[in-house]
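Below is one structure, written out as structure tokens, with a few remarks after it.
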Amino acid sequence: MKDYYRILGVNRDATDGEMKKAFRRLAMKYHPDRNPENKDAEDKFKEINEAYACLSDPEKRSNYDRFGSAEGMGGGGAGFGPFNSNFSDIFEDIFGDFFGTFAGQGRARATRGADLRYDLTISLEEAVRGVEKELKLPSWEICEACGGSGAKPGHGPVTCPDCNGAGQRRFQQGFFSVTRTCSRCGGTGQFITTPCSECGGDGRVRKFRILSVKVPPGVDTGSRLRMSGEGEPGTNGGPSGDLYIVITVKPHKFFKREGLNLYCDVPVSFTQAVLGAEIEVPTLYGNEKIKIPPHTPSGKEFVLKGYGVPKLGGYSKGNQIVRIYIDIPKKLNKRQKELLEEFASLSGDEVQRGFMEKLKEFFS
């Protein structure tokens, strides 16, 4: 009597999971596809099939443990085999994703096309207002020379000689049979003897297409726009992939963006800062006027509400923050110098004198 537990390398109290794991390991090791023309491996494969088909069935395992045979009293272990069980279903459940395509699954499956990425650089103005761009994209198209058949004109596809047009091949190893997709025709059932010179037998050629894309207001560097179905076309009737447009916003010479807010530095003259003034400030929506009150220090910030970046997919907008700095003239004519000297004399340099007096008090 064969010791099925020893054949699988498990204890007599092994769980179903432990036996399944042991069987998978041994079946992968001794499978005929991995050991072509190896009679010992084929015999070993039959033996582990027989052992697992018995022990994986609760009733047969119980009979085997009590009487030494899957059939119970009067039965013999040597007469047991996978064709007396539902073993093909067991094997497909364990190895359906490993040993290829089984019978009944049909020809080559439809495959979804690959996703594509396109890096798009836009200006800050375009990011704030939104823009429509035309993209030049590489694309696979049906070859006009062969009409997509992949065969040279006048030389159509012929029935695949390996699978006789079935798209699948059946491999028999002893008592066990496995059906796989034909490697020569890829499951199509047809074979091209004379490939098209334009597409090399692929049936598709690489070309460029123009795609119009609307970039919504509010995008920023790193934003991704997804265009469904605009990626690579699928094969065997499968759907096309998607196109992902990744945005990069160029730095601006005047504005600095932080989230939804825009920051800018605007110069004013010394007299404007001291006396006050009304100045024009550039925005991305046109020029706007702001009032500078008298005695405005350098670095003072003014807020233009709603003049920032719109929220992507929303209705609100950020603000524009205007920072004032006093522009010191680099060159003065003689009269300007005289007026400034007169101003200093009239003011008595009170600011500097006050600072020095406080400094003396600190060290005294």
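The values are calculated or read from the model by the stated rules, or taken from the named source; none is laboratory data. The structure presented is a predicted model; accordingly, all values stated were derived computationally and were not measured. Note that each Cβ is placed from the backbone with ideal geometry, even for glycine, and that neighbours are counted across all protein chains shown.
To keep it simple, each residue is scored yes or no on (1) assigned to a strand (DSSP E or B); (2) at pLDDT below 80.
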site: LYS133; (1), (2): yes, no
site: LYS136; (1), (2): yes, no
site: SER139; (1), (2): yes, yes
site: PRO161; (1), (2): no, no
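Looking at the stretch 179-199, can you tell me whether even one residue there is under 30 Å from LEU260 (Cα atoms) and either part of a loop (DSSP other than H, G, I, E, B) or not hydroxyl-bearing (Ser, Thr, Tyr) (or both)? Within the stretch 179-199, none of the residues are under 30 Å from LEU260 (Cα atoms) and either part of a loop (DSSP other than H, G, I, E, B) or not hydroxyl-bearing (Ser, Thr, Tyr) (or both). Of LEU124, LEU120, all but one fail to be modelled with pLDDT of 85 or more, in contact with a Phe, Trp or Tyr (Cβ under 9 Å, 6 or more places away or on another chain) and not acidic (Asp, Glu); the exception is LEU124.
Filtered by the rule that a residue be of a type in the set (A, V, I, L, M, F, W, C) and exposed (fewer than 14 other Cβ atoms within 10 Å of the Cβ), the stretch 122-141 gives no residues. Within the stretch 200-244, the set of residues being part of a strand (DSSP E or B) and among the aliphatic types (A, V, I, L, M) comprises VAL205, ILE210, LEU211, VAL213, VAL215, LEU225, MET227, LEU243.
Applying the condition of being in contact with a Phe, Trp or Tyr (Cβ under 9 Å, 6 or more places away or on another chain) and small (Gly, Ala, Ser) to the stretch 48-69 and asking which residue is surrounded by the most Cβ atoms within 10 Å (Cβ to Cβ) yields ALA51.
Annotation: of all residues in the stretch 24-47 being of a type in the set (A, V, I, L, M, F, W, C) and closer than 21 Å to THR179 by Cβ, the one that is surrounded by the most Cβ atoms within 10 Å (Cβ to Cβ) is PHE45. Number of residues in the stretch 1-45 that are in a helix (DSSP H, G or I) and either touching a strand residue (DSSP E or B) at 6+ places or on another chain (Cβ under 8 Å) or of a type in the set (Ser, Thr, Tyr) (or both) equals 5.
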